[in-house]
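Notes for the one structure printed next.
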Amino acid sequence: RSRKIQIRNIPPHLQWEVLDGLLAQYGTVENVEQVNTDTETAVVNVTYATREEAKIAIEKLSGHQFENYSFKISYIPDEEVSSPSPPQRAQRGDHSSREQGHAPGGSSQARQIDFPLRILVPTQFVGAIIGKEGLTIKNITKQTQSRVDIHRKENSGAAEKPVTIHATPEGTSEACRMILEIMQKEADETKLAEEIPLKILAHNGLVGRLIGKEGRNLKKIEHETGTKITISSLQDLSIYNPERTITVKGTVEACANAEVEIMKKLREAFENDMLAVNQQANLIPGLNLSALGIFSTGLSVLPPPAGPRGAPPAPPYHPFATHSGYFSSLYPPHQFGPFPHHHSYPEQETVNLFIPTQAVGAIIGKKGAHIKQLARFAGASIKIAPAEGPDVSERMVIITGPPEAQFKAQGRIFGKLKEENFFNPKEEVKLEAHIRVPSSTAGRVIGKGGKTVNELQNLTSAEVIVPRDQTPDENEEVIVRIIGHFFASQTAQRKIREIVQQVKQQEQKYPQGVASQRSK
């Protein structure tokens, strides 16, 4: 073993102080040198003070995710320990890099979705959490089988530092509880504060579902855990800081219990978004969301003027960029491999999407340029229906095309409205979409006692309104209204189309049976 390690596949725009901060967590760094390579990513050789520190760094950093990059690490043999025959040495280096590079983060096997817990801890407690020679943090990571990243170098001078915990849900909660206990003990000893609140950071795109309708979810968690929970204002958000702070006040025990429930809700919302993305991916081989120009929240991600090799320039460093950045690695392009088409949807679908009247000009563009470009990009027909009167607040966009075209066209319309500030920068773009379903299937979309429509709303977080007493049109169809942000709306549209498809297949199989069942 050696004191020297090589780290490869480092994002080209990662700032040095961020890397230094990361390396310093595992020991005393004597030297860091960048190796010139012809790859786009950076390579550095790092020398630690002791072999033990180098060993810990290799264990902790292997597969460490920065944005969409997974670190690959190997030892550089010390001159005195290296074996005399160079070929063998090269082999050893290769071998370890292969093992290390792919074990933790690089495997393509399905693994539990990594949804880290991010908390803010007062800067004065960081030393106690790390412990003498890093013993306390080692103990936490060992006991809970977690990876804990303390971003000490971040926001220098700030009163609080972000900490990211990667583990199973149970491991995450246990590590959080241990950190809360350490902070409380430290506060008691230094007579600093009575109770240390737990502060959880969460992406704004998930927070609405944590709060729940009229705050029900939060009230329930407060009631069950005996805590007081507040959430930071939307005003604090920016494109570079999409996180809101959830502050939990109570005893250590109560805060730890609340963390379990809060993370359960956030994880569920996150997994539903992932599900929505993956469902779209199943429909749409090779779909890459960043090409659509939308985040999960409907924020635009049209790349700014290109940096080297056409890559967007590095955004200012912010906590989420370093960990499964909600933007980059939440929906990484590799999620969208060449999926087979599993579904037999009818090729052409029509969706009516309602946009603010004042946004019509932006969607049409100068002399119709934008709407034509959009139709070409999406492979759909896009028309704006005439206004029904002089003072209407919304106009209807009629989009006709297969599912993939619907996804792209609607996605870009949501993105454009965000980009052009037709919505408050802090709020998600929510639009109403209407789809027509055969009146014979409306009952199935509602389900017994409203069961199906309620499940649909819970799964997608969209509002779905199926009219019970609507008169079918000349095609025997009724309108289903869907209101929600982009992914919510998309998932609801797909699910409803699936139900309609199932009913059609059943009707083809048992033409009499379904009709008699319906009339019951």
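Values for this structure:
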item: Inter-site label distance for V392 and Q501 at 7 Å from Cα along Cβ, in nm; result: 3.1 nm
item: Cα-based Rg / Dmax (Å) for the stretch 386-505; result: 15.2, 44
item: Computed accessible area, K228, all protein chains, 1.4 angstrom probe, square angstrom; result: 120 Å²
item: Charged-residue dipole, Cβ positions (Lys, Arg, Asp, Glu), the stretch 122-169 about Cα centre, Debye nearest 20; result: 160 debye
item: Heavy atoms of M263: accessible area, 1.4 Å probe, square angstrom to 10; result: 10 Å²
item: Gain on full stretching of the segment that runs from T247 to T190 - 0.36 nm per residue minus C-alpha separation; result: 18.3 nm
item: Proximal lysines to K220, defined as alpha-carbon separation beneath 18 angstrom and excluding residues fewer than eight positions away on the same chain; result: K228, K249, K264, K265
item: For the stretch 134-174, convex hull of alpha carbons as volume per residue, Å³; result: 75 Å³
item: Accessible area in square angstrom per residue, the stretch 402-490, 1.4 angstrom probe; result: 43 Å²
item: Accessible heavy-atom area order of Y26, Y48, Y69, highest first, probe of 1.4 Å; result: Y69, Y26, Y48
item: Selection of trypsin sites (Lys or Arg not before Pro), the stretch 446-497, meeting DSSP coil and at most 12 other Cβ within 10 Å; result: R468
item: Straight-distance crosslink candidates among lysines, where the alpha carbon sits under 27 Å from K4 and sequence neighbours closer than 8 are dropped; result: K55, K60, K72, K132, K138, K142, K153
item: Listed residues H223, H203 arranged by accessible area, highest first, probe 1.4 Å; result: H223, H203
item: Accessible surface of E160 - all protein chains present, 1.4 Å probe, nearest 10 Å²; result: 50 Å²
item: All aspartates and glutamates inside 16 Å of K191 as judged from Cα atoms, apart from same-chain residues fewer than 8 positions distant; result: E181
item: Accessible-area ranking of K418, K220, largest first, probe 1.4 Å; result: K220, K418
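The values are calculated or read from the model by the stated rules, or taken from the named source; none is laboratory data. All values reported here derive from a predicted model rather than from experimental measurement. Cβ sites come from the backbone with ideal geometry, for glycine too, and all protein chains shown count toward neighbours. For the accessible areas, the whole protein counts, side chains as well, though only heavy atoms, and no ligand, DNA or RNA atoms are used. Shrake-Rupley method; radii C 1.70, N 1.55, O 1.52, S 1.80 Å.
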